[in-house]
Amino acid sequence: MPFALLKYGLNPRRRDAPQLKWPSEIKKHYDVVIIGAGGHGLATAYYLATRHGITNIAVLDKAWMGGGNTARNTTIIRANYLTPEGVAFYKESVELFRGLSQELDINIMYSERGHFTLAHTDAAMRTARWRAEVNKHLGVDSEVVDAKDVARLCPIMNVSEDVRYPVLGALYHPPGALARHDAIAWGYAKGAMARGVEVHPGTEVVNILKEGDRVIGVDTSRGKIFADKVVQAVAGSSSRVSALAGFRLPIKTIPLQACVSEPVKPILDQIVVSGSLHVYISQSARGEMVMGGATDPYGLYSSRSTLDFKEGLMAHMLELFPFMAELRVLRQWAGIADMTPDFSPVMGLTPVRNYYIDSGWGTWGFKATPVCGFRMAECVATGRQPELLAPFALGRFGSFDLVGEKGAASVGH
Amino acid sequence: MTVENFRLEAKGWGFLLDRNKPLKFTFDGETYNGFDGDVIASALMASGRHVLSRSFKYHRPRGVLTMAGHDANSMVQVGAEPNVRGDRHGIAAGMQVISVNRIGKLDRDWLAVLGLFSRFLPVGFYYKTFFRPRGAWRFFERPIRALAGLGSLDPRAHHGYFDKQYLFCDVLVVGGGPAGLHAAIASASTGADTLLIDEWPVLGGSLLYGRISGSRAAAESKRSELVSQVERCPNLRILNNTTVSGLFADNWASALKENRLFKIRAKQTVLASGGYDQLLVFSKNDLPGIMFADAAQRLMRLYGVKPGSKAVIVTSNRFGYDVALDLLEAGVEVAAIVDMGNANEAGASKMEALGIRVIFNSTVVKAKGKARVEAVAVGPMLDRDKRGRAEWVGCDLVVMSVGYSPAINLACHTGAKVYYDPEIAMHRATDLPRGIAVTGSVGGIWSDASIGASSSDVGKSAAQMALGTNSTPVAPAQDDSARTITHHWPITESSAGEEFVDFDEDLRTCDIDDTVQAGYDDIQLVKRYSTAGLGPSQGRHANINTIRLVARATGRSVEEIGTTTFRPPLVPEKFGQLAGRGFEPTRLTAMHERHVELDASFTPVGLWLRPAYYGPKQRGNAAITAEVTAVRNGVGIIDVSTLGGLEIRGPDAAAFLDRVYTFNFLKQPVGRSRYALLTDESGVIIDDGVACRLHEQHFYVTATTGAVDQVYRLLGFWNQHWRMDVDIANVTAAYAGMNVAGPDSRAVLEKLESDIDFSAGAFPYLAVRIGRIAGISVKILRVGFVGELGYEIHCLSGFGAKLWDRLIDTGKHFGITPFGVEAQRVLRLEKGHIIIGQDTDGLTNPAEANMVWALSKTKPSYLGKRSVDMQIAKGVKRKLVGFTLADAASPCPKESHLAIQDGNIIGRVTSVVRSPTLSKVIGLAYLPTELALPSTRFSIRVDGGRMVEAEVVPTPFYDPENKRQEM
């Protein structure tokens, strides 16, 4: 039995020190205000505190900590992107994830399962090869495998030819991983709070305060808060908050739904994605199948659920895994995805001085949590766009230097 | 096997049983007896088996709790079906039931040892450890994963038949208890087409087993009266054994019945779905033999099973006294009624008259027993948390009736808000969305006296709103008796510990306290850190007590804590039910049978199946080469029906196209086609086709097979914005299309009876003609995609096969050869034509693809013009170029292989083939603009990491003077 549990169990008080230390009051001024207490905002605060010595930080959230897309994603981590810029960025994320449990002193249950992006058409096979070639070039472990290899690696999958969309092959990415999404937010919060960062849930930003082209603070449901620098990390509301700051983002906001099954004994190790069938599935450590599909076909800021999402998802799921017909969906939910035209995020400096943005996370935000926080912290601390984030600057849309990642999106949009 | 028999034999017990039909089934390999109508749990309990499962974390023995399928205690595996609720799943002859989540036998699960280590496995223990040193989790994960999960899946199992049915109604009433029956009768009597859905096999809800004013006979006669009224209602449909699993926007409901999913559109929905019993939390409250009052009543009345022989009832309401009468009637000794209050004097004096001891202002403090409850300690309640000296009372059955949680879930699925009403110690729904009403206990009505009238009012009002005769919903009724149902603090802790709050997740009161202590003090964080409410019963019996504990630990009120969100589904839905028969439409062209006869190998293109080539898979390459050669040297025919077709009609047709596509269309002559390129707002190429002007106000525009639906949507979107005088129709499926291509194509067409002059002068390249061939009305486009003289012929789909046959027959003389998509891809590449989506990616602009010629310089705008102009002005960084290999003996690269220079990626191959016509490798690739000049050499990395030298060459590779397509 691991030592930590023995120590806990033998402790007569049976109480650990609190992991999360909540502030009792909100101050009038901070060095940095971060809007959005999700994984990204908390990670930014954590790295500002640990790597740059900036601890006079307030992380504000209109609802509860980690309750946005941090709580609503399907916990998949991968670096098998399409563009060299994207691959380099997500590769650093994977490297940070691998040491994150130790860094944060919380088990994020980082679990490398292997990730299949199935191809059912020639076009999908071409995209798979493209990604594999770029990945290998940049030192990311990806390869194109044929249907036989898929069957060998994941024998429970139906790769027979007598289905509507037979599997021709796949992009196989062995480092593809799962992690406990909430724990990542908690870990960052814990580490940041321990260093004096304040997290204020239930504090909605209603306006951005500026002096000329410079931000000076935010107006909130709890009054005005002044700050030298402000970071916006509000996936799902990015364009609305940036509008408060006075600039527009090229973002369309679309719901993305997901669901989980009842827990069953382990049967599926890998993460399986099929863009053509609009499905992805993995089995969590608890035994639940965690599943999702394409984004909804229309823009919306609501996280309501729909029936047709589940119907479409399951029709295709049973093509890949016919034996799951008797398994049951336990719960469904939706996240809200800020989609950019090139399927890459928008990070860094903005037209407003000292106002930094972390947005455009579409359906790929969770897997970027550590690297985004790490590099955004660098950006905020130095006031300069870090090299790794340079391709993802907001200005790229004006100069048409886009980072086209549509081909690496896991499912249809 | 000889077993004790706990069946209640007399009349009045076992309403659902058909005792003339005994059945045998097995549980963990042992044979059990039951009757038709029994569920697994009732049949097992009738034979004296009380332990049905092992719990999720500590593998504690668990027995019946709800007898309603609402909890995880009775979860079993039936054949290949995991996680079956044994307390709702009927038995069948020969059924094989096995218990789950155990090692060894159910009664001696080795993993029960985990319970002994529970102090070392605190809430969230897995967050605290198993991750040092780095990589350690890899080793711990597998055994921990293996402990999780309940049932198991059999990958060899094949799924059965599932289907779906649509239903429509004016008023949907959910729940067939007294409230639902009253509402449905009132709605139907008002004239509304009413659908009543109930999850039980027979109507009546609590009237099937409960009492009215202490009288079973009154409840029975009430039920008969309501059911006979229901049966007389002409416009009332009933779905029994059906559970509404979700309610979505605009009264769109899903309901499950066996292997069928109902999808229901109602104008109004009335929720009369009752409530969920709530747990009394005390030490070892999860022992088998401790169950809800409703469960005990259901066991007796519905299944004829005696739940125990000596009972202690703990209650905070009148239902506890009712169940005492039932137990006495069934011959169960009632050791005591423990009343958490002291208000029920009438009930108490009745009990005392029967010789039953009533202990006021007290509660059960703890229980003891191993696999079944043996005794409970009863002690006075001094204040919220403090209990007085307790006495042990022997029993093998504890019946809890300490309150309910109204089943407001469905209302919340579609947007209702939840608030905690401290007056009644229950959550209630408010801000109900339009078209949703609640009644019965969901609406806070608990008294038998007022339930009829209030539910009838709600039903009538819903009907009137559905029928449009009245638009004001009825004001919600009030019922003071709601205050007497639910105890506000049904939690007692003792030094013994093991007070379970959430049975699914094995969470105790100390776990919730520890969670809050650790800083996870928001109810949403509590749920996620402790996993409270995440199990199969989704917190039905755990939420409110969790909230109470969080309130206590944080010093806030229950109202302030709020609640987590109720999300669909209300009951778990099988993947098969959601998938149904899996309608995955396959689109076949009018000539599909012809292709099958010709032994075509098909490839999926969107929903379509298209011939990739003709012949078996193993001879694919030879077939493709032969087809290419036939087109180049004689004549070929390809089915192009899948090509998208859009009709644009109206006075503004040309002006509309002008605003959308990049070319000029205003002055396009009638009878001519023009290339049509489509870019999006960021200037990226998204589709191409040809626009044929058939009349001043009528264009026929083609779109690629994969993109036509998206293009149609886009055109419709802009037409909505611009409000131009045009009509847009997607006519893809209306027409069959075939392209007759090759030097002999004109000769083939000229041999057919036709009113069209096919001579080069009369019907030049890019002309469009309407006429008849072989008696069939056709539209013919002279096109050049494959780089030969060619005619694309469109006719109504119904004539497609006939026209194909005539062309094949007539073409025989010229050796006409059907060719597939693969040959077409080779032919077009030889001719240097790009395929949108293959040779373009998500960022390709017209300048990169060398298509600046297709952009109008003169017109003010087209979709994406601003972006395209800016990119051209800025200068593009990459260009699509043609290439061949410097050394003909080099291996042929594959599409998506990369161009590499100095260790950097500089480009990518998009199309490549060893050309049968040119006998060399040709391809298209993106290269940096400065390298995109003929004769430039560059390297492609092919399989195995080998570098291959390539050279940029001009395109087209074949017939650069375009003589062949324009002949």
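Under the Karplus relation 6.51 cos²θ - 1.76 cosθ + 1.60, θ = phi - 60°, what is the ordered set of whole-Hz ³J(HN,Hα) values for region B:36-42, x standing for Gly and Pro?
4, x, 5, 9, 4, 5, 5
Can you give the helix-only mean residue ellipticity at 222 nm for chain B, where every DSSP H stretch with n ≥ 4 adds -39500 (n - 2.57) and the sum goes over all residues, rounded to the nearest 500 deg cm²/dmol? Write out the running numbers ahead of the final one.
Numbers: 24 runs with 231 residues, N = 967.
The per-residue figure over chain B is -7000 deg cm²/dmol.
Compute the angle between helix B:136-147 and the longest alpha-carbon principal axis of chain B, please, reported from 0 to 90 degrees and rounded to the nearest 10.
60 degrees
Taking K and R as +1 and D and E as -1, what net charge do the other residues with C-beta under 9 Å from the C-beta of A:K406 add up to? Each step should come with its number before you reach the end.
Details: positive: none; negative: A:D342, A:E405, B:D841.
With Lys, Arg at +1 and Asp, Glu at -1, the neighbours total -3.
Can you give me the long-range amide H partners of B:E499? Hydrogens built in the peptide plane at 1.01 Å from N, cutoff under 5 Å, separation of 5 or more residues or another chain.
B:K284, B:T509, B:C510
Which trypsin sites (Lys or Arg not before Pro) from region A:197-248 combine a DSSP loop assignment with at most 16 other Cβ atoms within 10 Å?
A:R222, A:R248
Lysines within cross-link reach of B:K920: Cα-Cα under 21 Å, excluding same-chain residues under 8 positions apart?
Here the lysines satisfying the reach criterion relative to B:K920 are B:K831, B:K894.
Working out 0.36 nm times the residue gap between B:S481 and B:L666, then minus their Cα-Cα distance, what length gain in nm do you get to one decimal?
On the way: separation 185, 0.36 × 185 = 66.60 nm, distance 7.69 nm.
58.9 nm is the gain from fully extending B:S481 to B:L666.
Which lysines, on any chain, are close to B:K859 with Cα under 24 Å apart, when same-chain ones fewer than 8 places away are left out?
Filter leaves B:K667, B:K874.
If you rank A:C154, B:C795 by fewest surrounding Cβ atoms within 10 Å, what's the result?
A:C154, B:C795
Using a Cα-Cα cut-off of under 20 Å, which aspartates and glutamates could be cross-linked to A:K224, ignoring same-chain neighbours fewer than 8 residues away?
Here the aspartates and glutamates satisfying the reach criterion relative to A:K224 are A:E25, A:D31, A:D61, A:E198, A:E204, A:E211, A:D213.
Provide the percentage of antiparallel DSSP beta bridges, counting only those with both residues in the protein assembly as shown; round to the nearest 5.
Values: 184 of 251 bridges.
Looking only at bridges with both residues in the protein assembly as shown, the antiparallel portion is about 75 percent.
Order these peptides, A:294-305, A:260-271, B:517-528, by their mean beta-carbon neighbour count within 10 angstrom, highest first. Please list the in-between numbers first.
On the way: A:294-305: 16.2, A:260-271: 21.9, B:517-528: 23.4.
Descending packing order for the listed peptides: B:517-528, A:260-271, A:294-305.
Just counting partner chain Cβ atoms within 10 Å, what average do the residues of peptide B:526-537 show around their Cβ? Before the final figure, lay out each step's value.
On the way: counts 0, 2, 10, 5, 0, 1, 0, 1, 6, 4, 4, 1.
Whole-number average of other-chain Cβ neighbours for B:526-537 is 3.
Rank these for me by crowding, B:S221, B:S456, going from fewest to most other beta carbons within 10 Å.
On the way: B:S221 13, B:S456 22.
Lowest to highest Cβ neighbour count: B:S221, B:S456.
Which percent, nearest 5, of DSSP beta bridges in chain B are antiparallel?
Details: 134 of 179 bridges.
Here the share of antiparallel DSSP bridges comes out near 75 percent.
Which peptide among B:332-341, B:672-681, B:257-266 comes first, and what is the full order, when sorted by highest mean count of other Cβ atoms within 10 Å? Can you show the working numbers first?
Numbers: B:332-341: 22.5, B:672-681: 20.0, B:257-266: 18.4.
Taking the mean over residues of other Cβ atoms within 10 Å, the ranking is B:332-341, B:672-681, B:257-266.
Mind checking the angle between helix A:84-98 and chain A's longest principal axis? C-alpha axes, 0 to 90 degrees, to the nearest 10.
Result, in degrees: 80.
Suppose every K and R has +1 on its Cβ and every D and E has -1 on its Cβ; what is the size of the dipole of region B:304-357 about the Cα centre, in Debye to the nearest 20? List each step's numbers first, then the result.
Details: 5 positive and 7 negative charges, 24 e Å.
With only Lys, Arg, Asp and Glu charged at Cβ, the dipole is about 120 debye.
To test your reading of the geometry: what angle, between 0 and 90 degrees and rounded to tens, separates the Cα axis of helix B:448-467 from the longest principal axis of chain B?
With both axes taken from Cα atoms, the answer is about 20 degrees.
When Lys and Arg each count +1 and Asp and Glu each count -1, what net charge do the other residues less than 13 Å away from B:L325, Cβ to Cβ, add up to?
On the way: positive: B:R211, B:R216, B:R301, B:R318, B:K350; negative: B:D322, B:D326, B:E329.
Here the charged neighbours net out to +2.
Which value in nm describes the separation of the simple spin-label points at B:H813 and B:Q96, placed 7 Å from the Cα toward the beta carbon?
The two pseudo-label positions are separated by 7.0 nm.
Averaged across the residues of B:866-877, what count of C-beta atoms belonging to other chains lies within 10 Å of each residue's C-beta? Before the final figure, lay out each step's value.
Numbers: counts 0, 3, 1, 0, 3, 2, 0, 0, 3, 0, 1, 2.
Across the residues of B:866-877, the mean count of other-chain Cβ atoms within 10 Å is 1.
Where does the charge balance sit around B:P422 when Lys and Arg score +1, Asp and Glu -1, over other residues with C-beta under 14 Å from its C-beta?
On the way: positive: B:R384, B:R428, B:R483, B:R548, B:R556; negative: B:D421, B:E423, B:E559, B:E560.
After counting each charged neighbour, the total is +1.
Can you pull the mean other chain C-beta count within 10 Å for peptide B:79-87? Don't skip to the end; give the middle numbers.
Working: counts 1, 3, 4, 9, 8, 2, 0, 0, 0.
Average neighbour count from other chains, rounded to a whole number: 3.
Given only helices, namely DSSP H runs of n ≥ 4 each adding -39500 (n - 2.57), what is the per-residue ellipticity at 222 nm of chain A, to the nearest 500 deg cm²/dmol?
Working: 12 runs with 122 residues, N = 413.
Mean residue ellipticity at 222 nm (helix-derived): -8500 deg cm²/dmol.
Each residue of region B:525-540 in turn: what ³J(HN,Hα) in whole Hz from Karplus with 6.51, -1.76, 1.60 and θ = phi - 60°, glycine and Pro shown as x?
6, 4, 4, 6, 6, 8, 6, 4, x, 8, x, x, 8, 6, x, 3
Over 18 Å between C-alpha atoms is what I'm after, so list which of B:K57/B:K368; B:K267/B:K460; B:K164/B:K460; A:K265/B:K128 land there. Don't skip to the end; give the middle numbers.
Working: B:K57/B:K368 20 Å; B:K267/B:K460 13 Å; B:K164/B:K460 30 Å; A:K265/B:K128 23 Å.
Check vs 18 Å cut-off fails for B:K57/B:K368; B:K164/B:K460; A:K265/B:K128.
Are there any trypsin sites (Lys or Arg not before Pro) in region B:65-147 that are in a DSSP loop and have at most 14 other Cβ atoms within 10 Å? List them by number.
Values: sites: B:R85, B:R88, B:R102, B:K105, B:R108, B:R119, B:K128, B:R134, B:R138, B:R145; in loops: B:R88, B:R102, B:R134.
Hits after loop and neighbour filter: B:R134.
Which whole-number percent gives the relative contact order of chain B, counting Cα pairs below 8 Å spaced six or more residues apart? Show your work: numbers first, answer last.
Details: 2232 pairs, mean separation 85.1, N = 967.
The normalised contact order for chain B reaches 9 percent.
Using 7 Å Cα-to-Cβ label points, what is the B:M947/B:E966 separation (nm, one decimal)?
The answer from the label model is 4.2 nm.
Would you give the gap between the C-alpha center of region A:261-287 and the C-alpha center of region B:373-437, rounded to a whole Å?
Taking the Cα centre of region B:373-437 as reference, the centre of region A:261-287 is 36 Å away.
Do any chymotrypsin sites (Phe, Trp or Tyr not before Pro) in region B:148-196 lie in a DSSP loop with no more than 10 other beta carbon atoms within 10 Å, and if so, which? Working shown, then result.
Details: sites: B:Y161, B:F162, B:Y166, B:F168; in loops: B:Y161, B:F162.
The qualifying sites are B:Y161.
Readers should treat all values here as calculations from the given coordinates under stated rules, not as data from a laboratory. All figures in this text were calculated on a predicted structure; none of them were measured in a lab. Cβ sites come from the backbone with ideal geometry, for glycine too, and all protein chains shown count toward neighbours.
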